[in-house]
Structures are given as structure tokens and as C-alpha cells.
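Before any comments, here is the structure.
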Amino acid sequence: MVRNGFIRKKVSSLTLGEKLKKLRSENRISLSEISKQTKIQMKYLEYLENGEYNKLPADVYVKGFLRSYASYLGVNENNLIKLYEREKGIQRNIKRDDKKEKLAEPIGFSNFIITPKKIVVSVIVLLALGSFFYIYSELDSFVSTPHLVVSSPIDGAVIEENSVDIKGKTEKGTEVFINDQPTLVSDAGEFSEKVGLQEGLNTISVKAKNRFDKEITQTIAIQANYEAPSEGSLQSESEEPINGNDQAVKLKIEIHVDPDPTWISVEEDGNLVYSGTLLPQAIQSFKASEKISITSGKGNNTYIKINGKDKGILSDNPGVVRDVTFTVDTKY
């Protein structure tokens, strides 16, 4: 519309939270479903939709949440990240203005008078001390590698399972990678990730990197003593009862990845039974009476075998492949 020589345009004023809610509503997806598929805690999704950015972890993790959210819903991740940065900047400026208004209020005590000179001196002293501690902490972070402790398992551990939970703690705001796969770190700096193991000796690398790109890496050797599944045992296992009832196993899938460690998630008959990073050549077996659904971080790195028959890669897609479902009625 043209008026007085100017063109008037309608500008969208949706906040990030409103935009996320609208996307969910249009796709008829609940918060719990998004949390389940993206592995983002429900409370963080609620904080994003409610604009409670002060309750969220460091920006590097929030941007990771938004990338996962955008990837799952098939929207542009950069638009969501720019909207988040703009709104957080606005909140930060509002808080700063509130602090300035409070400083401008007169202060007085019965036996002590605040004068303009004392206020100026106090502010200068506080700024000097704050600057000193800030420079000291930044310099220490710049020249030092981040703190990293892997609490479980210990180096040289021997286990009887085909997977292990890697647990530890690092500094707040530090990124953690297990076998070069990013791992979520809590506000307290704690992390935990399930890793699939191959039979025999496994070497697991845990790396922590701070915002100055200073890194520290710990390597753990784990001996996995378990009997890897064989093709000869597949048919006998397929007739075993599930959970002690009379319902027979009709579908069995074996999964391994190659050449890189890959994150996978597996559901048996609608129940999530595995979510973690699988090492190359490590094998994970799953069985169900009706269906098995697989989500992989790298579809063309994930290889499957169905009821003993090698079916090759899960997908030609080199990226994330979600909810590939196999049922007992599918012809293999």
C-alpha cells in the first residue's frame, strides 16, 4: 500500500518462542515428541518457547538445540539462531538499563552520607577490581587447557557387556567430544554418553575444548568380553520368548557402523532401548515381536542385518536418518 510517497509493509513480529510453538502446531508435534527425537531435555524446550533465556545453558549448547530443532522440523537453522541472539541481546540491554536506574536512586543511612565524590570513587574501585578479575580469568582460560575428569569407566576396565556409559565432568561452557562425536554437557559441567563396544580391546577418546580452542584429551582402553552374535545362533534366538511371556521374537536386527563412530537410536515395539554412540565394527543386536525403528546420525555409515541376512547400509543419506522402521510383514 502506498501512502504519502511511502510503501507500507507488514512486518512479522513473532518472537522465537511463538515461532517454535507455531512450527510445532503446524506439524502437530508435541514438546515430548521433539524432546524424544532430538534428545533435548523438556525443560530447555519450555524455556526456549517461554523466552526464559536466563535459565538456559551456555550459548554454544542453545545453538546446538536450535540446530537439532530446525533439522527435525526441516526449517532454516540460521533464522532461529539469529532470532535467539537478537532477543537475548534485547533482554541483556533491558537488564543493564534497570541496573542504571537503580544506581541513580539516592542512598542514605543515618550515620553515613553518600556524596557524589564517594560514589565516583567507589565505582572506579569496583570497575578496576572487576576488570582485574575478568582479565585474570580470561587469561587463565586462554593459556590453560580445560579441566577434564573421566569418572567412569577407569582406564583398563574389563566388562562383560557390549556397551558402556562414559561419565565425567569438565568446566562450565566447555564442549566435550567422545570419539569425535559431540556430547551434551549439563550446567554443572557433567556429561554421560552410552558407547557401543566391539568384542575385545576398545580405545575411546574423550576430548574437552574451551571457547579459546584449548583442548585436552584422555584415552581409555576397555576390554569387552562378550560373545558376539553369530549367524548360526540367529534362528534359535528368534524363537525365544520376550520378557518371559508367550510372545515369540519374530524380528531381529544387528547394527554396526563403519568407518566412523556414529550416534544411533533404536526402538523395539515402540520402546526406546538404545541411544548412544556406536564404535566402528562394534555390533548391537535388537529383537522385537512386531517392529524395530532405527535413527542414525549417518545413514550411509550404518549397516544392518535382518534375521541373519545382510542388507547393507541403512540409507544413502550421509546425514541424519530418522525412524527407519522394519516390521515382521516387510519382505526381506
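The values are calculated or read from the model by the stated rules, or taken from the named source; none is laboratory data. None of the values given here were measured: they were computed from a predicted structure. Positions of Cβ are backbone-derived with ideal geometry, glycine not excepted, and every protein chain shown enters the neighbour counts.
Observations
- Here S35 does not qualify as at pLDDT 85 or above, among the small types (G, A, S), surrounded by fewer than 16 Cβ atoms within 10 Å (Cβ to Cβ) and part of a helix (DSSP H, G or I).
- Candidate set: the stretch 277-297, residues that are within 18 Å of the chain's Cα centre (by Cα), at pLDDT below 90 and of a type outside the set (A, V, I, L, M); chosen: the one surrounded by the most Cβ atoms within 10 Å (Cβ to Cβ): T277
- From the options Q218, Q247, residue that is loosely packed, with under 15 Cβ neighbours inside 10 Å and modelled with pLDDT of 90 or more: Q218
- Residues of the stretch 315-326 that are modelled with pLDDT under 90 and over 23 Å from A70 (Cα atoms): none at all.
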